[in-house]
Amino acid sequence: MRALVITGQKEASIEDVAPPEAAPGLVVIDIQRVGICGTDMGLFQGAPERLQRLNAEYPLRIGHEWAGVVTEVGDGVDPAWLGRRATGDTMLGCGSCARCLDGRHFLCATRHEVGVRGGWPGAIAERMPLPATALRALPDTVDFTLGALVEPGGNAVRAVDAARLVAGGPLLVIGAGTIGLLAALFAVARGIDVHVLGRSAQSLDLARSLGLAGAWDASTLPPLSWGAVIDASDAPSIPSRAIELVEPGRTVVLIGISHEASLTDTRSIVRKEVTAAGILGGSLGLDAAIAAYADGSVDPTPLVAATVPLGRAADALAGWRPVHAGSGPKLHIDPTA
């Protein structure tokens, strides 16, 4: 089958590789749609410290935001999965350690992460294996584009949950990329007064087109008493800024990961009694994301700028965007094209 393989720093191509097998407990999925995210771009860029931190090495097959159809099931898997449309959890814990047994499989010390950690092959390919326990069925109202947005949506759901805001807010989301805008959309669906702080005019225009009237840059941000702040940026200065902005006694949610260490004066956290919550993955938010997409309360499709064939995946990682691309931050790959 065809799959994208990263063979070295900024080196990737479509190669013929052995197709996956439905071993016991596993299924094989025919991938219909897969998104490229910042983690994928970072793995392609190949900074050694990032590869080491993610327990990744070349050759590497990436892609963890996906949707497809189950076409094979291994021994011990319910055959009812055959032919079903699905997406799935990226975080694959060992299943037997204390963290896995109490529901923290996404923090398992020996976990695999699809397309990222431990060599588990990713979804920028025609087919992919996955433990059946990681599958999530897609309702008829959730198409493949929405299905490939479930994983980032799960992250965004968890960020909004961690903010611990009731309806009203106000909530400040810093970062107008995919995760930031998704978090804002899920918060709006809960009746929260949401504001987005971004940098580029294009991203702020997109936010406003999504119904997020409170879209600001640093020079126009209103001086509100922020009931919570979600940092969905990749700037090392933002965690400290978020702590400065949040109302005392409230919560800062850290879901963006900067490319270098963030320096924060912890005395500010103590003196303001701020709670800092870190979000690593979307595992516990996948079902809520699917439900919101299914009932139409959240529609993230404008975040996808374009869908391109598998043969252009390496170009997309290198920064190429088709001339017809919209203003959204996300590119999708269609491995069937």
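How about region 101-115: which of its residues are in contact with a helix residue (DSSP H, G or I) (Cβ under 9 Å, 6 or more places away or on another chain) and either modelled with pLDDT under 95 or farther than 22 Å from residue 148 by Cα (or both)?
Selection gives 103, 104, 107, 108, 109.
Which ones in region 96-153 are within 15 Å of the chain's Cα centre (by Cα), part of a helix (DSSP H, G or I) and not hydroxyl-bearing (Ser, Thr, Tyr)?
If the condition is that a residue be within 15 Å of the chain's Cα centre (by Cα), part of a helix (DSSP H, G or I) and not hydroxyl-bearing (Ser, Thr, Tyr), then 106, 146, 147, 150, 151, 152, 153 are the ones that fit.
Counting only residues that are surrounded by fewer than 17 Cβ atoms within 10 Å (Cβ to Cβ) and either in contact with a Lys or Arg (Cβ under 9 Å, 6 or more places away or on another chain) or modelled with pLDDT of 95 or more (or both), how many does region 247-265 have?
Residues that pass the stated criteria total 4.
From the list 114, 160, 188, 173, which residue is among the hydrophobic types (A, V, I, L, M, F, W, C) and closer than 30 Å to residue 25 by Cα?
114
May I ask you to say which residue of 277, 207, 187, 235 is under 19 Å from the mean Cα position of the chain (by Cα), closer than 22 Å to residue 40 by Cβ and surrounded by 13 or more Cβ atoms within 10 Å (Cβ to Cβ)?
Going through 277, 207, 187, 235 in turn, the sole match is 235.
What pairs come up if the first residue lies in region 255-270 and is on the phi < 0 side of the Ramachandran plot, the second is among the acidic types (Asp, Glu) and part of a helix (DSSP H, G or I), and their beta carbons are under 8 Å apart, counting only those six or more places apart or on different chains?
268/244
Those residues that are crowded, with 17+ Cβ neighbours inside 10 Å, among the small types (Gly, Ala, Ser) and part of a loop (DSSP other than H, G, I, E, B), I need them from region 47-67; list them, please.
56, 63, listed by residue number.
When you go through (1) in contact (Cβ under 8 Å) with a residue 40 or more places away in the chain; (2) among the hydrophobic types (A, V, I, L, M, F, W, C); (3) touching a strand residue (DSSP E or B) at 6+ places or on another chain (Cβ under 7 Å) one by one for residue 294, which number turns out not to apply?
With (1) in contact (Cβ under 8 Å) with a residue 40 or more places away in the chain; (2) among the hydrophobic types (A, V, I, L, M, F, W, C); (3) touching a strand residue (DSSP E or B) at 6+ places or on another chain (Cβ under 7 Å) applied to residue 294, the lone miss is (3).
Could you identify the single residue in 311, 319 that is of a type outside the set (A, V, I, L, M, F, W, C) and part of a helix (DSSP H, G or I)?
Just one listed residue meets the conditions, 311.
Across region 243-277, what is the total count of residues that are among the small types (Gly, Ala, Ser) and under 17 Å from residue 161 (Cα atoms)?
Count: 4.
Would you be able to say whether some residue in region 221-231 is of a type in the set (Ser, Thr, Tyr) and within 29 Å of residue 325 (Cα to Cα)?
no
Can you tell me which residues in region 68-86 are in a strand (DSSP E or B) and either among the charged types (D, E, K, R) or modelled with pLDDT under 95 (or both)?
Of everything in region 68-86, those that are in a strand (DSSP E or B) and either among the charged types (D, E, K, R) or modelled with pLDDT under 95 (or both) turn out to be 72, 85.
Scan region 160-170 and give yes if some residue there is closer than 30 Å to residue 94 by Cα and among the small types (Gly, Ala, Ser), otherwise no.
Within region 160-170, one or more residues are closer than 30 Å to residue 94 by Cα and among the small types (Gly, Ala, Ser).
For region 207-229, does any single residue satisfy the condition of being in contact with an Asp or Glu (Cβ under 7 Å, 6 or more places away or on another chain), closer than 30 Å to residue 50 by Cα and at pLDDT 95 or above?
no
The values are calculated or read from the model by the stated rules, or taken from the named source; none is laboratory data. Everything quoted here is computed from the prediction, not taken from an experiment. No Cβ is skipped: glycine too gets one built from the backbone with ideal geometry, and neighbour counts run over all protein chains shown.
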